[in-house]
Amino acid sequence: MELLHGWINAGNDLIWGQLLIYLLLGIGLFFTLRMGFMQIRLLPRGVKEMLGGRNHVAGSNDISSFQAFATGLASRVGTGNVAGVATAIALGGPGAVFWMWMTALLGMASAFAESSLAQLFKVNHHDNTFRGGPAYYIQKGLNMRWLGMAFSISLIVAFGLVFNAVQANSIVAATEGALGWDKNLVAIGLVLLTAPIIFGGMRKVGQVAEWMVPVMAALYLGMTVYVIITHASEVPGVLALIVKSAFGMQQAAGGFAGYALSQAMMLGIKRGLFSNEAGMGSAPNAAAAATTRHPASQGLIQMFGVFIDTMIVCTCTALIVLLSGAFVPGAELKGVQLTQAAMSATLGSWGGTLLAVIMFLFCFSTIIGNYAYAEGNVEFIKNNKTVIFVFRLAVLGMVVFGCLGSSMLVWDMADLAMGVMALINLFAIVMLSKYVFVLLKDYQQQLKAGVKQPVFDVKKYPEIEAKIHKDVW
């Protein structure tokens, strides 16, 4: 077992330490330059698409663009936004936040590319919903089903099973510490809450995410606004500290020590990528489920999801930590413990209880969002009701496992699976980039022509029409 664990760790060191971070950033830069910084130019349009996505296109039983957006955001926003940001600050200094922002800005271009491709190559599920994602566009766009299978297996292991155990474990840690709840009862409660949603399928997940995501976002933003208002005079100094620390500049005021540029950059990039998942191939699985008029519409919406995850939610955590005075360079406090200390310092003794509630919402939404990602990939491998039923039971089993125990080997295996998944997806979106550029050009041309809501006419593109599912576009 130790030998196996050693090989897994070596694989993680290679993929995450030597390859993936640079590939994610490099490919994000490639799409950014090639598409003319579209993530900045079209961000307002992404907001408009997201707000308009609440309206169903085909009928009351389909999955709306907003529901797909909420499902993707539900999976993105989790422990990484609370514990991950605090860890990045504790180990990399305040400057790590700046590099999280930069990572998100580049990643938004990759997020547009992968989610637009997922929409283009999606398949009809024949129940007013669709399925798709990297496995599907690898098979149809690159004619490489074997590589699509490899992607699906990696995603199912990482997101469908193990990461749901991680989220359940975080719920137990938060409720046990702040509320004194028994982990066995928490496990039972989580199963009772999760089962009706995942057994309801993708449509049910979308319906729950549609109301849960805005609620948890409003709660967290409201808390941050309160902290900012009560510490308004300190906010400019904290923002200046973030920027200065990002470049290794000393900042003695306030008791903060300078951090090395490389340390701040590496921690910020790592935590930013783990949080927003841009380019990793996870969110496209939710993006493909939506009914839309143009593939680029969902691409813009999911691009905005990266913005919300990192530029808004992660920044909320960073401001709470840095304004509270709980962060002390070199101290042992990090992760969720640092965030808890910051909330208690700014909100009083009830801060820990509020964090437990927020952690529950973040983690529970991630569980159902992760399930949505995995379901389409299980169907890609074997579209069979019995297989789906067994998989749903396995998801519930992993939720219980996460509540009652933990295993570093299992988590490391999930990291390796996610790394493999991301490498495959990055290869695919670069190889299929010509379709991304066609979709963006088509969408922008319609906007310039005064079309309020662009519609994709696949008959204008015979090469694309020959590759995609016949009854989708």
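The values are calculated or read from the model by the stated rules, or taken from the named source; none is laboratory data. Not measured: the values here are computed from a predicted model. Because the Cβ atoms are built from the backbone with ideal geometry, glycine has one as well, and the counts that use them run over all protein chains shown.
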State all residues of region 417-453 that are in a loop (DSSP other than H, G, I, E, B) and crowded, with 21+ Cβ neighbours inside 10 Å; if no residue qualifies, say none.
LEU432
Here are some conditions: (1) part of a helix (DSSP H, G or I); (2) touching a Lys or Arg at 6+ places or on another chain (Cβ under 9 Å); (3) modelled with pLDDT under 85; (4) not aliphatic (A, V, I, L, M). GLY17 meets all but one. Which one does it not meet?
(2)
Name the single residue that is modelled with the lowest pLDDT among those in region 220-232 being aliphatic (A, V, I, L, M) and loosely packed, with under 15 Cβ neighbours inside 10 Å.
LEU221
State which residue is nearest to PHE380 (Cα to Cα) when the search covers only region 111-130 and only residues that are part of a loop (DSSP other than H, G, I, E, B) and not basic (Lys, Arg).
HIS125
Checked pairs for region 445-473, first under 13 Å from LEU120 (Cβ atoms), second surrounded by fewer than 11 Cβ atoms within 10 Å (Cβ to Cβ), C-beta under 8 Å and 6 or more apart or across chains, list as GLU465/LYS459
Scan the helices (runs of 4 or more DSSP H) fully inside region 160-235 and keep the ones with 2 or more residues being in contact with a Cys (Cβ under 8 Å, 6 or more places away or on another chain) and farther than 27 Å from MET413 by Cβ.
201-230
Taking the stated definitions as given, is VAL399 β-branched (Val, Ile, Thr), under 27 Å from VAL213 (Cβ atoms) and modelled with pLDDT of 90 or more?
no
I'm checking my understanding of the structure. Among residues of region 454-473 that are touching an Asp or Glu at 6+ places or on another chain (Cβ under 7 Å) and more than 16 Å from GLY299 (Cα to Cα), which one is surrounded by the fewest Cβ atoms within 10 Å (Cβ to Cβ)?
LYS459
Return yes or no: is ALA414 outside any loop (DSSP other than H, G, I, E, B) and modelled with pLDDT of 90 or more?
no
Single residue of region 77-101 satisfying the filter (in contact with a Gly (Cβ under 6 Å, 6 or more places away or on another chain) and within 27 Å of TYR371 (Cβ to Cβ)) that is surrounded by the most Cβ atoms within 10 Å (Cβ to Cβ):
MET100
ASN164 passes all but one of (1) surrounded by fewer than 17 Cβ atoms within 10 Å (Cβ to Cβ); (2) within 15 Å of LEU404 (Cβ to Cβ); which number fails?
(1)
Could you give every pair whose Cβ atoms fall below 7 Å, whose first residue belongs to region 72-93 and is over 30 Å from GLY132 (Cβ atoms), and whose second residue is charged (D, E, K, R) and surrounded by fewer than 24 Cβ atoms within 10 Å (Cβ to Cβ), counting only separations of at least 6 or pairs across chains?
ALA86/LYS334; THR87/LYS334; ALA90/LYS334; LEU91/LYS334
